[in-house]
């Protein structure tokens with residue numbers, strides 16, 4: 001049976017999921033809600049279904065099987081709780097909040113209801129990531145170097161710390177989540193950051209650049225660089241260093257370097273398609289085993305990135 005889906009938030013990332021979901025025969029797009037009604041109406045016109053500017057009204061009016069929640073970080077909270085109260089499985093775009101207390105409240109509600117949840121950390125669904133996990137199985141990583149460096153996204157809320165959480169929380173979160181997925185849990189965080197290079201940008205309160213050092217429970221270490229002040233020369237990815245090999249992973253390729261030579265693997269799947277398909281299958285079957293990032297996992301990543309940001313602001317090591 002098709003899964004009847006509602007959307008809360010119909011901006012850029014929602015559009016990405018909507019275009020992807022049209023490729024899945026089990027997805028039925030029936031309702032769209034946005035605080036800007038014209039955006040919801042545009043989505044309804046494109047994909048069919050009804051438009052709303054009030055999510056409670058949408059829930060009251062539509063018979064939904066699940067809901068996608070795709071909003072800016074600062075806007076998360078009541079929408080998830082209302083969906084959970086009504087017993088609806090939720091797919092939430094990252095980051096799930098800008099404060100741990102709100103994320104914990106939502107997680108507790110999900111767990112109390114026993115609901116299926118998923119969060120949009122699509123790097124976990126890359127076939128390259130699966131191959132990297134296979135290569136790492138049973139081996140110890142010495143250290144890792146990660147980065148998300150480039151220019152500043154154009155949306156106004158992104159450059160306001162209280163609204164986005166900052167680059168570590170909103171954007172580099174993909175790399176922090178990836179390093180957790182591949183290397184395990186983090187024990188302590190120490191970050192340094194700078195500002196002052198983007199004085200011409202109005203209402204700008206995030207860091208221009210930061211470096212976060214992580215110590216893992218396993219004893220491994222990692223350093224992750226974030227920057228939004230670049231006009232050229234950016235990079236996004238994660239390099240993992242072992243005694244006998246180096247794995248270099250980005251959103252297009254995985255290279256494995258050994259003394260015997262180098263292997264290069266190209267991305268062979270659409271990770272967003274696979275994460276959306278996994279969510280739909282879980283809703284249909286009641287079995288969440290195919291979901292690689294349930295809400296509980298995303299909360300752990302959120303707390304890690306919040307700790308990194310706090311460390312940069314307060315100039316101290318934070319134990320997790």
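General observations
- Considered as an equivalent ellipsoid built on the Cα gyration tensor, the stretch 1-68 has semi-axes of 17, 14, 9 Å, the largest given first.
- Stokes-Einstein D in µm²/s, Kirkwood radius over Cα pairs - the stretch 1-127 at 20 °C with 1.002 mPa s viscosity: 146 µm²/s
- The Cα-based radius of gyration and maximum Cα-Cα distance (Dmax) for the stretch 102-163 are 17.6, 45 Å.
- Folded to 0 to 90 degrees: helix 173-183 orientation relative to the chain principal axis, Cα: 60 degrees
- Percent antiparallel among DSSP beta bridges (both partners in the stretch 144-228, rounded to 5): 70 percent
- Here the stretch 75-222 carries DSSP beta bridges of which approximately 65% are antiparallel, counting only pairs with both residues inside.
- Dividing the convex hull volume of the alpha-carbon atoms in the stretch 192-274 by its residue count gives 178 Å³ per residue.
- The spread of Cα positions in the stretch 110-264, taken along each principal axis and listed from longest to shortest, comes to 51, 46, 29 Å.
- Taking other Cβ atoms within 10 Å as a rough exposure proxy, 13, 69 sort from fewest to most as 13, 69.
- Normalised per residue, the volume of the convex hull around the Cα set of the stretch 221-264 (Å³): 83 Å³
- Sorted by Cβ density within 10 Å, fewest first, the residues 175, 8, 264, 221: 264, 221, 175, 8
- Here the chain yields Rg over Rh of 0.97, to two decimals, using C-alpha coordinates and the Kirkwood radius.
- Degrees separating the helix 12-21 axis from the principal Cα axis of the chain, which is the longest one: 70 degrees
- The DSSP beta bridges internal to the chain are antiparallel in roughly 60% of cases.
- Cα centroid separation, the stretch 253-309 to the stretch 92-141 (Å): 8 Å
- Theoretical ellipticity at 222 nm over the chain - DSSP helices of four or more residues, -39500 (n - 2.57) apiece, nearest 500: -10500 deg cm²/dmol
- Note on residue 127/residue 54: beta-carbon distance plugged into 1/(1 + (r/R0)^6) with R0 of 30 Å gives a FRET efficiency of 0.15.
- In plain terms, the residue of 106, 168, 116 with the fewest other Cβ atoms within 10 Å comes first and the most crowded comes last, giving 116, 106, 168.
- Whole-number D in µm²/s for the stretch 147-233 (Stokes-Einstein; Kirkwood sum over Cα pairs; 20 °C, 1.002 mPa s): 158 µm²/s
A short reminder: the numbers here are calculations on the coordinates, not readings from a lab. Bear in mind that the values here come from a model prediction, so they are computed numbers and not experimental data. Using ideal geometry, Cβ is built from the backbone for each residue, glycine included, and neighbour counts are taken over all protein chains shown.
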